[in-house]
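Values in this text are rule-based calculations from the coordinates and carry no lab data. Keep in mind that this is a model prediction, so the values were computed, not measured. For neighbour counting, all protein chains shown are included, and Cβ atoms are generated from backbone atoms with ideal geometry for every residue, glycine included.
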Amino acid sequence: MKLASVVRRIELEDMALYAGGDNLHGNAEAARAAGLSAPIVQGGQLGGYLHEMLVATFGMPFFSTGEVSLTFLKTVKPGDTLTSGGTLTKEVPTDDGAVVDLDIWLTNQNGEKVVVGRARAQRKGP
Amino acid sequence: MTTTDDGELLDYLQRMIGVRTPRMTALHPVESSEVRRFRQATLFEMLDPESEPDPVVVPLAFPVHMFRRPLNAPDPLALMTDPDCDGMDRDFNGLPALKVPMKRLLNGGYRYRFSKRARIGDTVSREARYVDIRLKQGRSGPMVFVEYEGVYFNGEGETLLSSTNTMILR
């Protein structure tokens, strides 16, 4: 089963749009004040890239049947490039397809996993 | 933090488990231009040509982001870099603030279960509760793991999604 992988380069502008421009997720000065070398991407924004992969793979039914569980392992900073991925761990046939369980992740440009998690989706068809 | 303090803190945290909010409605409905900004931030590109009147698909987790802080209230994320912040006024999903003197906040992860797609124009409301709160000893001192749930509804009372977040205070 092939997942619709998403590749995204993270820009500070996008981070500020998502989290606001006056905190450590969207503002370099605020990040420095918190002892960080640069702003770090908010977890929900990272989740958004995995959500997109799942919606692109399983289509609109994922909006009514999908489940996602994520854990954040490493910080992500402006200029990082993330790639989503996943692998099938379980498949239970149903009348019109299957319920599938997946391990999912985001890796950075160094191949390090920055987010890992699990998802469950209903797949239509054989 | 002394052992006695830990005992008092534990008692307090135990009492907070199960505390919930009434159903609260977001200040405004799902609004097209806000959805477009959210999509730009997450680079979510999906369109649904059959969706009327707007082909823009509201991203899965958008309802979670519709509950803004009150006007003129400080950005809770910015509190972490405020030297005067003691962490005592931090709330989660509109639940009563946890009176825990820990300034730092880490996102320990989340779990979402999706039930129905939100549409442009939907009114969204939320109910929240503290599911679990635990005090643990870390290498750098005590930490509090806060697990809280949010259930999001559309204007017809249908569940859009439920979320469970884990936040770590230290």
**Request:** Show me B:92-100, A:66-74 ranked by packing, highest mean number of other Cβ atoms within 10 Å first.
**Result:** A:66-74, B:92-100
**Asked** Which whole-Hz couplings ³J(HN,Hα) result when phi for each residue of the range B:100-106 is put into the Karplus expression 6.51 cos²θ - 1.76 cosθ + 1.60, θ = phi - 60°, listed in order with x for Gly and Pro?
**Response** 10, x, 10, 7, 7, 10, 10
**Item:** Furthest towards positive pole of dipole, B:MET143, A:ALA56, B:LEU95, structure part the protein assembly as shown, Cβ charges
**Value:** B:MET143
**Request:** Quick one: angle between helix A:43-58 and the longest Cα principal axis of chain A, in degrees between 0 and 90, rounded to 10, please.
**Result:** 30
**Cα-based reach from B:LYS99 at 22 Å (exclusive), listing lysines while leaving out same-chain residues under 8 positions away** = B:LYS136
**Prompt:** Within straight cross-link reach of A:LYS2, meaning Cα distance under 29 Å, which lysines are found once same-chain residues fewer than 8 apart are removed?
**Reply:** A:LYS74, A:LYS77, A:LYS90, A:LYS113, A:LYS124, B:LYS116
**Item:** Average other protein chain Cβ within 10 Å of Cβ, residues B:106-119
**Value:** 6
**Request:** Quote the charge dipole size of the protein assembly as shown about the Cα centre in Debye, to the nearest 20; the model charges only the Cβ of Lys and Arg (+1) and of Asp and Glu (-1).
**Result:** 600
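With +1 on the Cβ of every Lys and Arg and -1 on the Cβ of every Asp and Glu, and nothing else charged, how large is the dipole of the range A:65-116 about its Cα centre, in debye rounded to the nearest 20?
Roughly 420 debye for the range A:65-116.
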**In order through the range A:72-84: 3J(HN,Hα) via Karplus (6.51 cos²θ - 1.76 cosθ + 1.60), integer Hz, x for Gly, Pro** = 9, 9, 9, 6, 10, 10, x, x, 5, 10, 10, 10, 8
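Where does the charge balance sit around A:LEU88 when Lys and Arg score +1, Asp and Glu -1, over other residues with C-beta under 14 Å from its C-beta?
Numbers: positive: A:LYS2, A:LYS90, A:ARG118, A:ARG120, A:ARG123; negative: A:GLU91, A:ASP101, A:ASP103.
Here the count lands on +2.
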**Message:** Could you give each residue of the range A:112-122 its phi-based ³J(HN,Hα) in whole Hz, using Karplus coefficients 6.51, -1.76, 1.60 with θ = phi - 60°, and x for Gly or Pro?
**Reply:** 7, 6, 9, 9, 10, x, 10, 9, 10, 8, 9
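Kirkwood Rh and Cα-based Rg: tell me the resulting Rg over Rh for chain A, rounded to two decimals.
On the way: Rg = 16.3 Å, Rh = 15.4 Å.
Taking Rh as the inverse mean 1/r over Cα pairs, Rg/Rh reads 1.06.
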**Message:** Could you tell me how many cubic angstrom of Cα convex hull volume the protein assembly as shown has per residue?
**Reply:** 149
**Asked** Given H placed 1.01 Å from N in the peptide plane, which residues other than close sequence neighbours of A:LEU73 have an amide H under 5 Å from its amide H?
**Response** A:VAL115, A:VAL116
